[in-house]
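Asker: So that we are looking at the same thing, I have put the structure below in structure tokens.
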């Protein structure tokens with residue numbers, strides 16, 4: 001989101017509320033459990049701390065992955081029993097706005113302008129539309145590479161230098177791929193998620209690495225037919241077809257972390273939110289690095305934002321805003337980053353003694369933050385899930401050889417144009 005739009009929206013947030021409602025006794029909170037680790041216990045602890053501080057009970061519901069949480073939240077809202085707020089994909093902003101279930105932040109109560117401006121700009125990229133903010137960054141990440149340093153050394157590669165370009169990644173991944181005497185792969189050089197629901201995140205990063213953005217800020221247009229988008233798809237396809245360094249066809253997100261930890265993949269592209277899980281389970285030295293690019297590293301942001309729902313009462317909305325402020329305080333954002341691996345959404349958090357000392361002890365925890373200046377927003381459009389499935393299906397077709405990368409992107413664009421046409425002025 002442009003700074004001018006951010007400041008205009010923040011001005012709205014600073015407007016005083018007309019009526020102060022009586023404080024809510026409790027609010028419902030839907031939360032996605034999408035990666036390994038003790039995240040529900042952490043969230044439970046924050047809810048208990050908030051109640052001790054404010055007297056307001058937050059009732060968390062752990063509703064599955066992001067897609068399942070979105071479906072359950074919308075179903076509950078239609079039934080009149082929905083939560084006051086939820087953590088949902090930041091990229092769902094346009095679709096949720098279209099569903100007319102959201103309350104923008106200026107509808108919640110007075111919001112400190114400095115609080116909004118204190119988030120990393122990259123994490124606000126999927127938060128604004130029509131001059132208003134519709135969500136607050138919380139569970140945020142960038143795509144990063146986890147790599148097995150032991151495998152690098154065995155392959156004659158420098159374990160302290162990760163590839164910075166596509167050409168270097170392809171060469172390293174080919175060298176890291178191991179086969180048995182019968183030619184069967186026992187370790188892939190690199191694995192990227194290509195299943196529907198995750199392929200768009202992988203591809204968004206690849207497109208950025210080629211110097212291309214896949215959509216406009218309004219979420220009404222996509223640019224899959226662009227030569228740079230085709231180039232990104234050709235590189236992904238080539239990792240298997242030309243270099244034999246990654247599986248052809250579908251690679252599920254859920255297999256990446258286990259394959260890495262079990263030594264079946266030397267490099268995986270994953271979320272910063274998996275760092276704590278990998279640190280606790282890896283039986284070998286590993287590194288964390290930014291994603292390489294065609295010429296230089298570039299990545300994509302991801303993860304979930306806090307959304308607020310319009311069906312909630314004025315008191316519940318105000319309590320939800322208090323809880324959002326509570327969760328994003330610098331000390332708590334630092335604690336969240338240390339305990340999960342997600343990026344603290346505010347620079348202030350990295351100035352706290354706890355996070356400053358942790359990054360000094362675990363340099364991997366600071367890698368993703370340093371790549372925020374070269375990150376792009378996640379693919380986000382109206383009818384987001386339909387566009388995701390459309391793109392994912394065509395990526396599958398390209399990776400299996402059923403379509404050329406150029407044809408896959410052309411077909412994606414043609415159907416995306418049809419889906420998004422009703423939303424264009």
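Asker: Could you identify the single residue in 288, 278 that is part of a strand (DSSP E or B), in contact (Cβ under 8 Å) with a residue 12 or more places away in the chain and outside the structural domain of residue 39 (by TED's automatic domain parsing)? Quick ask: steps written out before the conclusion?
Answerer: Details: 278 fails: part of a strand (DSSP E or B).
Every option except 288 fails the conditions.
Asker: Separate question: Among the residues of the stretch 173-206, which ones are out of contact with any helix residue (DSSP H, G or I) (no Cβ under 8 Å at 6 or more places or on another chain) and outside any loop (DSSP other than H, G, I, E, B)?
Answerer: At the first step, the residues of the stretch 173-206 found to be out of contact with any helix residue (DSSP H, G or I) (no Cβ under 8 Å at 6 or more places or on another chain) are 174-175, 177-186, 201, 204-205.
Residues satisfying the conditions are 174, 175, 178, 179, 185, 186, 201, 204, 205.
Asker: Which of the following residues is closer than 30 Å to residue 75 by Cα, assigned by TED's automatic domain parsing to the domain that holds residue 65 and outside any strand (DSSP E or B): 109, 114?
Answerer: 109
Asker: If you don't mind, another one. Just to be sure I understand, how many residues within the stretch 339-350 are assigned to a helix (DSSP H, G or I) and either modelled with pLDDT under 95 or not assigned by TED's automatic domain parsing to the domain that holds residue 108 (or both)?
Answerer: Adding up the residues that qualify gives 2.
Asker: OK, next. List, please: which pairs have Cβ atoms under 6 Å, are six or more places apart or on different chains, and start with a residue in the stretch 351-369 that is outside any helix (DSSP H, G or I) and end with one that is modelled with pLDDT of 95 or more?
Answerer: So the pair list comes out as 352/330; 352/331; 352/334.
Okay, residues lined up against (1) modelled with pLDDT under 95; (2) crowded, with 24+ Cβ neighbours inside 10 Å; (3) under 21 Å from residue 28 (Cα atoms):
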| position | (1), (2), (3) |
| --- | --- |
| 269 | no, no, no |
| 282 | no, no, no |
| 286 | no, no, no |
| 320 | no, yes, yes |
| 326 | no, no, yes |
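Each row is one residue, and each column tells you yes or no for (1) over 20 Å from the mean Cα position of the chain (by Cα); (2) free of Cβ contacts under 8 Å to residues at least 12 places away in the same chain; (3) under 14 Å from residue 29 (Cα atoms).
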residue	(1), (2), (3)
54	yes, no, no
59	yes, no, yes
84	yes, no, yes
87	no, no, yes
108	yes, no, no
120	no, no, no
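The values are calculated or read from the model by the stated rules, or taken from the named source; none is laboratory data. As the structure is a prediction and not an experimental result, all values here were calculated from the model. Please note: Cβ atoms are built from the backbone with ideal geometry, for glycine as well, and neighbour counts cover all protein chains shown.
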